[in-house]
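Q: This structure is in structure tokens; I'll ask about it shortly.
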Amino acid sequence: MIRKIFKYVGIALACLVVVILSSALLYRKYLQHKVAEKRAIRSPNGIDSLEAVRIGGIDQWIEVRGQDLNNPILLFIHGGPGIAFIPLAGAFQGLWEKHFTVVQWDQRGAGKTYASNDRELQRRTMNIPQMEQDTLEVVNYLRARFNREKIFIVGHSWGSILGLWMAHQHPKLVYAYVGVGQFVNFEQNEKVAYQDAMEQARKTHNEQAIKELESIVPYPTPDTNQEKEQVARNWEGRLLGPPPNGVTFTNGGRILTDLVSAPEYSLADDYGFLRGMSLSLAAFFPQVTRVDLTKLGLEFRAPMFFFEGKYDQYCPSSLIWDYSQTIKAPQTEFVWFNNSGHFPFFEEQQKFADELFQRVLPLAN
């Protein structure tokens with residue numbers, strides 16, 4: 001009798017699990033449908049494409065969206081490393097799509113690209129020179145596919161390393177470069193951000209922050225490890241961010257909602273998004289600690305723009321301002337976003353779009 005009871009209970013539990021999983025998958029489909037309807041491109045000359053392109057010997061995914069295919073191409077190079085933006089861009093890029101054909105690219109080791117290729121092959125080839133060549137190949141693919149001589153590039157955070165390299169090394173392919181959360185020099189970046197975080201911790205008498213930040217001294221050092229960097233990043237984000245004015249881009253709940261409701265992503269892609277971040281950080285962190293973009297040289301032959309949040313908690317805006325004043329380019333402009341941190345394109349969406357349209361877009365003519 002007891003065995004029969006356990007048997008029926010087990011069957012009931014199994015059925016309950018199936019019902020819960022089925023309901024969750026159906027709800028995910030419902031969310032994806034809602035997002036797809038909300039973001040649908042309905043203009044007769046618009047484009048909304050998602051495809052894998054052979055870049056650097058592997059299949060890499062790009063999404064192309066815009067209201068008019070005749071508009072200039074704008075390639076957004078995401079940060080992280082490894083934080084794919086195909087499932088996240090819907091939160092901010094809708095305004096851009098009126099005047100640009102916007103391209104999101106899941107880089108080697110990130111998002112759909114991670115999920116579509118052999119993990120070990122990606123890990124072995126995840127180095128900055130390879131990523132630079134991938135960027136060049138993506139740019140040339142877009143130029144060939146859409147029959148364009150030049151495109152615009154927006155590089156964010158880690159992506160600004162690749163974008164600045166592209167603007168410096170291949171200016172004839174670029175109308176203009178826009179750096180956001182521009183990364184220049186790891187050692188200077190970490191030193192200033194750490195000092196600012198410690199100063200704010202002491203000013204607000206945050207004993208936990210002081211204790212944890214003191215625990216990683218000296219910081220940074222030539223052999224800084226990920227564990228120390230994560231402690232610094234954690235407190236920089238909590239102490240130095242912009243004034244609270246709603247949901248931040250890094251809000252975990254919002255990112256998870258965007259991820260599971262993205263119509264471009266399958267469950268395998270969701271897993272790739274999470275695993276890709278871990279793989280990318282492990283692969284690139286030792287290389288990023290040696291980055292100093294001033295070694296490229298200070299002369300540029302493409303117009304250079306820097307759209308920077310005043311309260312950038314990860315790439316101190318004071319360093320980016322200083323760098324912008326040292327370079328020579330046909331045109332150099334620095335635009336402050338006074339209510340933003342590391343993500344001004346999300347935190348001040350209308351102003352960011354307006355600045356793109358008014359300052360950058362005319363260079364296509």
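The values are calculated or read from the model by the stated rules, or taken from the named source; none is laboratory data. Quick caveat, the model's predicted, so the values are computed rather than measured. Backbone-built Cβ (ideal geometry, glycine too); neighbour counts: all protein chains shown. With ligands, DNA and RNA removed, areas are computed over all heavy atoms of the protein, side chains included. Shrake-Rupley method; radii C 1.70, N 1.55, O 1.52, S 1.80 Å.
Q: Let me make sure I get this right: for the range 259-318, a, b and c are the square roots of the gyration tensor eigenvalues over alpha carbons, sorted descending. Under 1.5 in a/c it's rounded, otherwise prolate if a/b > b/c, else oblate. Which is it? Intermediate results must be reported in sequence, preceding the final value.
A: Values: a/c = 2.27, a/b = 1.77, b/c = 1.29.
Prolate shape, in that a/c is at least 1.5 and a/b is the bigger ratio.
Q: Sticking with this structure for a sec: Placing +1 on the Cβ of each Lys and Arg and -1 on the Cβ of each Asp and Glu in the chain, which of Tyr175, Ser23, Ile47 has its Cα farthest towards the positive end of the resulting dipole?
A: Among Tyr175, Ser23, Ile47, the one farthest towards the positive end of the dipole of the chain is Ser23.
Q: In what order, largest first, do Leu256, Leu296, Leu26, Leu74 sit by accessible area if the probe radius is 1.4 Å?
A: The ordering from most to least exposed comes out as Leu26, Leu256, Leu296, Leu74.
Q: Let me know the charge dipole size of the range 245-365 about its Cα centre in debye, to the nearest 20, where only the beta-carbon of Lys, Arg (+1) and Asp, Glu (-1) is charged. Provide the component values of the computation, followed by the final result.
A: Values: 9 positive and 14 negative charges, 65 e Å.
With only Lys, Arg, Asp and Glu charged at Cβ, the dipole is about 320 debye.
Q: Rounded, prolate or oblate: which one fits the range 155-258, using the alpha carbon gyration tensor with axes a ≥ b ≥ c (rounded when a/c is under 1.5, else prolate when a/b beats b/c, else oblate)?
A: It is oblate, given that a/c is not under 1.5 and a/b is not larger than b/c.
Q: Still on this structure: Just to be sure I understand, if you calculate Kirkwood radius over Cα pairs in Å for this structure, which of (i) 21.8; (ii) 24.3; (iii) 21.2 do you get?
A: Label (i) holds the value from this structure.
Q: Where in the chain are the helices, taken as whole DSSP H runs, whose Cα atoms extend 30 angstrom or more along the long axis and whose Kyte-Doolittle mean reaches at least 0.0?
A: On the way: long enough: 2-38 (54 Å, 0.80); 267-288 (31 Å, 0.67).
Those that pass (Cα extent of 30 Å or more, hydropathy at least 0.0) are 2-38, 267-288.
Q: With a Förster radius of 22 Å, plug the Cβ-Cβ distance of Thr326 and Lys172 into 1/(1 + (r/R0)^6) and report the FRET value to the nearest 0.05. Kindly include the intermediate steps, with their values, before the conclusion.
A: Values: r = 23 Å, r/R0 = 1.05.
Efficiency, rounded to the nearest 0.05: 0.40.
Q: Give the residue list of trypsin sites (Lys or Arg not before Pro) in the range 29-69 that are DSSP loop and have at most 14 other beta-carbon atoms within 10 angstrom. Display every interim value, and only then the final one.
A: On the way: sites: Lys29, Lys34, Lys38, Arg39, Arg42, Arg54, Arg65; in loops: Arg39, Arg42.
Of the trypsin sites (Lys or Arg not before Pro), the ones in loops of the range 29-69 whose Cβ has at most 14 other Cβ atoms within 10 Å are Arg42.
Q: Once the whole set of protein chains is in place, how much accessible area is left on Asp118, using a 1.4 Å probe, in Å² to the nearest 10?
A: So the heavy atoms of Asp118 present about 90 Å² to solvent.
Q: Moving on. Compute the accessible area per residue over the range 291-350, keeping the other protein chains in place, probe 1.4 Å, unit Å². If you can, show how the numbers build up before the last one.
A: Numbers: 2530 Å² over 60 residues.
That works out to 42 Å² per residue.
Q: Between Leu296 and Glu199, take the C-beta separation as r, use R0 = 25 Å, and let me know the FRET efficiency to the nearest 0.05. Walk me through the numbers before you get to the answer.
A: Values: r = 31 Å, r/R0 = 1.24.
The value I calculate is 0.20.
Q: With unit charges on the beta carbon (Lys/Arg positive, Asp/Glu negative), name the residue among Gln208, Ile255, Leu298 whose Cα is farthest towards the positive pole of the charge dipole of the chain.
A: Farthest along the dipole direction, towards plus: Ile255.
Q: Using a 1.4 Å probe on the protein chains only, how many percent of the accessible area of the range 77-169 belongs to carbon and sulfur?
A: Working: 1160 of 2660 Å².
Of all accessible area on the range 77-169, carbon and sulfur atoms account for 44 percent.
Q: Could you compute how much accessible surface Thr113 exposes when probed at 1.4 Å, giving the result in Å² to the nearest 10?
A: 0
Q: What is the extension gain from Ser49 to Asn339, computed as 0.36 nm multiplied by their sequence separation minus the C-alpha to C-alpha distance, in nm to one decimal?
A: Details: separation 290, 0.36 × 290 = 104.40 nm, distance 3.34 nm.
The span from Ser49 to Asn339 would gain 101.1 nm if fully extended.
Q: Would you mind working out the magnitude of the charge dipole of the chain relative to its Cα centre, with +1 at each Lys and Arg C-beta and -1 at each Asp and Glu C-beta, to the nearest 20 Debye?
A: Numbers: 38 positive and 39 negative charges, 230 e Å.
Magnitude of the dipole: close to 1100 debye.
Q: Something else: Compute the distance in nm between two label points, each set 7 Å from the Cα along the Cα-to-Cβ direction, one at Tyr30 and one at Leu121.
A: With each label placed 7 Å out from Cα toward Cβ, I get 4.0 nm.
Q: Once Lys and Arg get +1 and Asp and Glu get -1 on their Cβ, which of Ala84, Asn185, Gly309 lies farthest toward the positive end of the dipole of the chain?
A: Ala84
Q: Could you tell me the center-to-center distance, by alpha carbons, between the range 288-363 and the range 215-235 in angstrom?
A: 25
Q: Once R0 is set to 25 Å, what does the formula 1/(1 + (r/R0)^6) return for the Cβ-Cβ distance between Val192 and Asn140, expressed as a FRET efficiency to the nearest 0.05?
A: Numbers: r = 36 Å, r/R0 = 1.45.
After rounding, the FRET efficiency stands at 0.10.
Q: In addition: Whole number in Å², please: accessible area per residue of the range 155-223, 1.4 Å probe, ligands, DNA and RNA not counted.
A: Values: 3000 Å² over 69 residues.
I get 43 Å² per residue for this part.
Q: Also: Roughly how big is the range 177-329's charge dipole about its Cα centre, with Cβ charges of +1 (Lys, Arg) and -1 (Asp, Glu), in debye to the nearest 20?
A: On the way: 14 positive and 20 negative charges, 45 e Å.
Approximately 220 debye in magnitude.
Q: Something else now. State, as an integer percentage, the relative contact order of the chain based on alpha-carbon contacts under 8 Å between residues 6 or more apart. Show your work: numbers first, answer last.
A: Working: 627 pairs, mean separation 71.4, N = 365.
Rounded, it is 20 percent for the chain.
Q: To continue, here is another question. Please check which bits of the range 80-105 a label hung off Arg42 would reach, taking the label as a point 7 Å along Cα-to-C-beta and the cut-off as backbone N under 13 Å.
A: None, by backbone N distance to the label point.
Q: Would you check the range 84-191 for Lys pairs whose C-alpha atoms are within less than 27 Å, ignoring same-chain pairs closer than 8 in sequence, and give me the count? Write out the running numbers ahead of the final one.
A: Values: Lys98/Lys112; Lys98/Lys150; Lys98/Lys172; Lys112/Lys150; Lys150/Lys172.
The number of close lysine pairs in the range 84-191 is 5.
Q: In whole percent, and with a 1.4 Å probe on the protein chains, what portion of the accessible area of the range 242-365 is carbon and sulfur?
A: Reported share for carbon and sulfur atoms: 55 percent.
Q: What relative contact order, as a whole-number percentage, does the range 134-187 give when Cα pairs under 8 Å and 6 or more residues apart are counted? Please report the intermediate quantities before stating the final value.
A: Details: 66 pairs, mean separation 19.8, N = 54.
Relative contact order of the range 134-187: 37 percent.
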